[in-house]
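> Have a look at the structure that comes next, please.
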Amino acid sequence: MKKSSLFILLLLSAFCMAQLHKGKIDTLLIPEIGGIKQAIDIKTDDSGKPILLFLSGGPGSSMRKNADSFTKLLKSKFTIVQWDQRDAGKTLELNPSPVQPSVELMGKDTYQVINFLRKELKQEKIYLLGSSWGNALGFYIVRNHPELLHAYFAVNPVVSQLESEKELLQILKDHFKADPVASKELASVQIPFKVDEDLFYLRKWLFYKDGKQYVTGDEFKKGFLQWSKTWSPAWNEVMNIDLPKTLKKVDCPIYFFVGKNDVQTSTRITTDYFEKVKAPKKDLVLFENSGHQIHKDEAEKFQNAILQIVK
């Protein structure tokens with residue numbers, strides 16, 4: 001980005017921060033979080049409405065540009081906040097992370113984002129929602145700063161990802177047993193992952209099973225392995241997350257949203273964890289027609305479930 005464009009963007013961001021007390025907000029702010037400029041999108045018709053902060057999946061993905069499709073109903077109750085994490089979306093455009101992203105580093109980013117929102121919008125607590133990878137950051141907050149949350153929404157969360165990946169590998173081997181190419185590539189996969197190709201082959205054939213035929217092309221492989229240069233260390237950290245052993249009790253209300261057809265983060269593993277975890281209040285909502293992308297597959301039910309919980 002040119003220096004002049006960045007200056008204008010930062011100037012507008014500063015102006016918008018000064019306007020937050022005026023009620024209606026529809027703006028992209030660029031505060032410094034974790035030593036770099038990070039993009040935070042705030043939309044509300046009343047800044048007094050409780051904050052709902054979304055933590056995107058990925059890692060390295062942004063939910064910001066398509067957020068209207070799964071937040072239209074939520075705007076009646078919440079101040080909607082989308083945040084592009086480091087090395088994702090607008091934040092990546094502004095400044096690549098100068099250090100290797102990690103769960104710990106980005107958990108601290110999340111904490112700073114929450115405190116930024118609390119200060120700017122003058123609210124003591126927020127609602128927090130993690131989607132897929134976003135739960136690595138969300139559970140960091142649930143574990144370390146539950147006092148900041150009205151409640152936490154865990155959407156298709158990473159719970160025991162090592163076991164989930166093993167389960168997925170077996171599902172794919174069974175599904176593609178008559179396909180010699182898929183069978184050969186899946187047979188080479190080692191879990192825990194030893195090389196980036198291990199995760200690549202798992203995702204390639206998972207996406208192919210879901211009807212995405214472009215994954216067999218060279219461009220997809222090239223793009224995936226480029227992504228993994230940045231993100232495989234963080235994803236290997238996620239593979240070590242085992243919440244049933246390390247987080248048996250939480251100190252804020254927690255709600256699990258699971259897609260019945262999700263095999264990327266095992267519905268069985270999440271349901272088992274829900275049954276065991278202790279919380280001041282908890283519930284689980286099963287989405288019969290969803291896989292791993294509940295907010296896309298059943299956007300209306302997704303929003304209404306949240307609204308019903310906070311009612």
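The values are calculated or read from the model by the stated rules, or taken from the named source; none is laboratory data. Since the model is a prediction, treat every value here as computed from it, not as a measurement. Positions of Cβ are generated from backbone atoms using ideal geometry, with glycine treated the same way; all protein chains shown enter the neighbour counts.
> If we scan segment 254-265, do we find a residue that is among the charged types (D, E, K, R), outside any loop (DSSP other than H, G, I, E, B) and assigned by TED's automatic domain parsing to the domain that holds Tyr152? Step through it out loud before you land on a result.
Going through segment 254-265, the residues among the charged types (D, E, K, R) turn out to be 260, 262.
Okay, now just the ones that are also outside any loop (DSSP other than H, G, I, E, B), so none.
No, every residue in segment 254-265 fails to be among the charged types (D, E, K, R), outside any loop (DSSP other than H, G, I, E, B) and assigned by TED's automatic domain parsing to the domain that holds Tyr152.
> Would you say Val277 is in contact with a Leu (Cβ under 9 Å, 6 or more places away or on another chain), buried (at least 20 other Cβ atoms within 10 Å of the Cβ) and either of a type in the set (A, V, I, L, M, F, W, C) or in the same structural domain as Leu206 (by TED's automatic domain parsing) (or both)? Working first, answer last.
On the way: in contact with a Leu (Cβ under 9 Å, 6 or more places away or on another chain): yes; buried (at least 20 other Cβ atoms within 10 Å of the Cβ): no; either of a type in the set (A, V, I, L, M, F, W, C) or in the same structural domain as Leu206 (by TED's automatic domain parsing) (or both): yes.
No; evaluated as a whole, the condition is false for this residue.
> Something else: Does Lys229 fit the bill of being surrounded by fewer than 18 Cβ atoms within 10 Å (Cβ to Cβ) and within 17 Å of Gly58 (Cα to Cα)?
yes
> So Val181 ticks every box in (1) without any contact (Cβ under 8 Å) to a residue 24 or more places away in the chain; (2) under 28 Å from Leu286 (Cβ atoms); (3) not hydroxyl-bearing (Ser, Thr, Tyr) but one. Which box is left unticked?
Result: Val181 fails condition (2) only.
> State yes or no: is Glu104 in contact with a helix residue (DSSP H, G or I) (Cβ under 7 Å, 6 or more places away or on another chain) and of a type in the set (Asp, Glu)?
Working: in contact with a helix residue (DSSP H, G or I) (Cβ under 7 Å, 6 or more places away or on another chain): no; of a type in the set (Asp, Glu): yes.
No.
> How many residues does segment 108-130 hold that are among the aromatic types (Phe, Trp, Tyr), part of a helix (DSSP H, G or I) and in contact (Cβ under 8 Å) with a residue 40 or more places away in the chain?
Final tally of qualifying residues: 1.
> To continue, here is another question. Look at Phe70 and say whether it is over 30 Å from Lys248 (Cβ atoms) and in contact with a His (Cβ under 6 Å, 6 or more places away or on another chain).
On the way: over 30 Å from Lys248 (Cβ atoms): yes; in contact with a His (Cβ under 6 Å, 6 or more places away or on another chain): yes.
Spelling it out, Phe70 is indeed over 30 Å from Lys248 (Cβ atoms) and in contact with a His (Cβ under 6 Å, 6 or more places away or on another chain).
> Checking His295 against (1) within 17 Å of the chain's Cα centre (by Cα); (2) part of a helix (DSSP H, G or I); (3) closer than 26 Å to Lys177 by Cα, which single condition isn't satisfied?
(3)
> Please tell me if Val250 is surrounded by fewer than 22 Cβ atoms within 10 Å (Cβ to Cβ), within 24 Å of Leu307 (Cβ to Cβ) and not aromatic (Phe, Trp, Tyr).
So Val250 passes the test.
> Separate question: Give just the number: which of (1) surrounded by 14 or more Cβ atoms within 10 Å (Cβ to Cβ); (2) over 27 Å from Ser76 (Cβ atoms); (3) touching a residue at least 60 places away in the same chain (Cβ under 8 Å) does Tyr255 not satisfy?
Condition (2) is where Tyr255 drops out.
> Right, another one. Only residues that are hydroxyl-bearing (Ser, Thr, Tyr), farther than 18 Å from Gly107 by Cβ and in a loop (DSSP other than H, G, I, E, B): list them for segment 50-87, please.
Scanning segment 50-87 gives Ser62, Thr71.
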